[in-house]
Amino acid sequence: MSWNARGETRTITITVNSIESGGGTLSSSSSYNDAVEKAWTQDGVSFAGKAIKKGTGGNAGAIQARASEGLLYNTTPLSGKIVSITITSTGTARSSSCYGGSSQLVSNDLSDYNVNNSGTPVGSTSDTGWTAEDFSGTSYTFFAIKRSSNVAYWSSVVITYEIPDPSVAFSPSALAFNTTLIGTSNTQRLTINKGVRLTHSVTLSVLNDTAGVFSVPVDTVTAQEAMSTSGKKVDVVFTPVHTYAYGGVLRISSEGGDFVDTTLALTGAGGLPTLSADSAQVRFGGLAQGTSTSRNIKIT
């Protein structure tokens, strides 16, 4: 079982300045300088472009994308699914096509100006971008924008994506202890793992346990442990004091900006020892008055 908190979006705005600040090189001459890869990184995501350069004259400051071949795409995944892409143009806006997918959509071959077969068209060709409605029902973390006919001048391309909610997974989804002898303890293990966007430790606490029969000896899991695939195994102990059916709740929480709060049920029962003999009856047979004999029985 897993639990998450809320949905949030973030944006990455691609401009000439962001490309150059992120390590990309754009030609400012009439040449697109196709032999040089236009690759850069911003906001932790790597991007690339083909057949793009700096606009000049009245289009200075814009990304100039060559007719039919201009490409803009990411080479590492966004941390969440794409919600929308907005294009702002200078001069006459030109329609482009958008594609989405779960892996890089454009070859690293600088002479290849095509979107590969893993790219799925998003909406229709557009000169302003693609809305949440266009991306509805998809979970794309990669995109590619491909120029149609005529040169385009993009002053900005804004990628809006949904970041994963803070979350934590745990298994099993509930802990049911077998009947346990009064005064003894029964231990079960809970795995905390596959956390997302956790920056604080995960705390485990027992609630609604008036008798105090449930306990967690180690009640803190670090964010790093909780976010690993293998996770952290935590012992939950049940020590009944009466022959009752007990119930409680284990709260799993993480405070701060990565607020996570969920619970799982704890159940168990206390029991008394039971005795049994290895024989249902003991026969002594006939004995003379004044004599005695013995038989052995095993009690467990």
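The values are calculated or read from the model by the stated rules, or taken from the named source; none is laboratory data. Given the structure is predicted, the values throughout are model-derived calculations rather than measurements. Cβ: placed from backbone, ideal geometry, glycine included. Neighbour counts: every protein chain shown.
State all residues of the range 10-30 that are modelled with pLDDT under 95 and not in a loop (DSSP other than H, G, I, E, B); if no residue qualifies, say none.
Passing the criteria: only R10.
Consider L266 against the criteria (1) over 27 Å from S171 (Cα atoms); (2) touching a Phe, Trp or Tyr at 6+ places or on another chain (Cβ under 6 Å); (3) of a type in the set (A, V, I, L, M): it satisfies all of them except one. Which criterion is unmet?
(1)
Residues of the range 64-84 being polar (S, T, N, Q) and within 20 Å of N116 (Cα to Cα), which ones?
As a first pass, look at the range 64-84 and keep what is polar (S, T, N, Q): 64, 68, 74-76, 79, 84.
The answer is S68, N74, T75, T76.
Quick check: is even one residue across the range 273-292 of a type in the set (F, W, Y), more than 25 Å from T187 (Cα to Cα) and exposed (fewer than 10 other Cβ atoms within 10 Å of the Cβ)?
yes
I want to confirm something. Restricting to the range 36-60 and keeping residues that are among the small types (G, A, S), out of contact with any Gly (no Cβ under 7 Å at 6 or more places or on another chain) and under 22 Å from L105 (Cβ atoms), which single residue is surrounded by the fewest Cβ atoms within 10 Å (Cβ to Cβ)?
Ranking the candidates gives G44 first.
So for the range 126-133 (the condition being surrounded by fewer than 19 Cβ atoms within 10 Å (Cβ to Cβ), under 20 Å from the mean Cα position of the chain (by Cα) and either not aromatic (F, W, Y) or not in a strand (DSSP E or B) (or both)), does at least one residue qualify?
The answer is no; no qualifying residue exists.
Might you let me know whether the range 230-253 holds any residue that is out of contact with any helix residue (DSSP H, G or I) (no Cβ under 9 Å at 6 or more places or on another chain), over 28 Å from S185 (Cβ atoms) and in a loop (DSSP other than H, G, I, E, B)?
Scanning the range 230-253 turns up no residue that is out of contact with any helix residue (DSSP H, G or I) (no Cβ under 9 Å at 6 or more places or on another chain), over 28 Å from S185 (Cβ atoms) and in a loop (DSSP other than H, G, I, E, B).
All but one of (1) surrounded by fewer than 16 Cβ atoms within 10 Å (Cβ to Cβ); (2) of a type in the set (A, V, I, L, M, F, W, C); (3) farther than 29 Å from P166 by Cβ hold for I145; which doesn't?
(1)
Could you pull out the residue among T222, T262 that is out of contact with any Asp or Glu (no Cβ under 6 Å at 6 or more places or on another chain) and in contact (Cβ under 8 Å) with a residue 40 or more places away in the chain? Show your work before the answer.
Details: T222 fails: in contact (Cβ under 8 Å) with a residue 40 or more places away in the chain.
When all the criteria are applied, what remains is T262.
Rundown of residues vs (1) at positive phi; (2) hydrophobic (A, V, I, L, M, F, W, C); (3) out of contact with any strand residue (DSSP E or B) (no Cβ under 8 Å at 6 or more places or on another chain), yes/no style:
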| residue | (1), (2), (3) |
| --- | --- |
| G129 | yes, no, no |
| A132 | no, yes, no |
| A144 | no, yes, no |
| F170 | no, yes, no |
| G195 | no, no, no |
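Looking only at the range 149-181, count every residue that is surrounded by fewer than 16 Cβ atoms within 10 Å (Cβ to Cβ) and over 19 Å from the mean Cα position of the chain (by Cα) and tell me the total.
Selection size over the range 149-181: 8.
Can you pull out every residue in the range 61-82 that is buried (at least 21 other Cβ atoms within 10 Å of the Cβ) and among the β-branched types (V, I, T)?
Residues satisfying the conditions are I63, I82.
If we keep just the residues of the range 197-217 that are under 18 Å from S173 (Cβ atoms) and either surrounded by 15 or more Cβ atoms within 10 Å (Cβ to Cβ) or β-branched (V, I, T) (or both), which is farthest from the chain's Cα centre (by Cα)?
Here the answer is F214.
Based on what the data block shows, is T220 under 21 Å from S173 (Cα atoms) and in contact with a Ser or Thr (Cβ under 6 Å, 6 or more places away or on another chain)?
Values: under 21 Å from S173 (Cα atoms): yes; in contact with a Ser or Thr (Cβ under 6 Å, 6 or more places away or on another chain): yes.
Yes.
Scan the range 260-277 for residues that are in contact with a strand residue (DSSP E or B) (Cβ under 8 Å, 6 or more places away or on another chain) and not in a strand (DSSP E or B) and jot them down. Spell out how you get there, then give the answer.
The first filter runs over the range 260-277 and keeps only residues in contact with a strand residue (DSSP E or B) (Cβ under 8 Å, 6 or more places away or on another chain), leaving 260-273, 275-277.
Within the range 260-277, L272, P273, L275, S276 meet the criteria.
Please go through the range 222-238 and pick out each residue that is modelled with pLDDT under 95 and hydrophobic (A, V, I, L, M, F, W, C).
A223, A226, M227
Check the range 102-114 and report whether any residue there is buried (at least 17 other Cβ atoms within 10 Å of the Cβ), of a type in the set (G, A, S), touching a residue at least 40 places away in the same chain (Cβ under 8 Å) and farther than 23 Å from S31 by Cα. If you could, list the steps in order and put the result at the bottom.
Residues of the range 102-114 buried (at least 17 other Cβ atoms within 10 Å of the Cβ): 104-106, 113.
Pick out the ones that are also of a type in the set (G, A, S) and you get none.
For the range 102-114, residues buried (at least 17 other Cβ atoms within 10 Å of the Cβ), of a type in the set (G, A, S), touching a residue at least 40 places away in the same chain (Cβ under 8 Å) and farther than 23 Å from S31 by Cα: absent.
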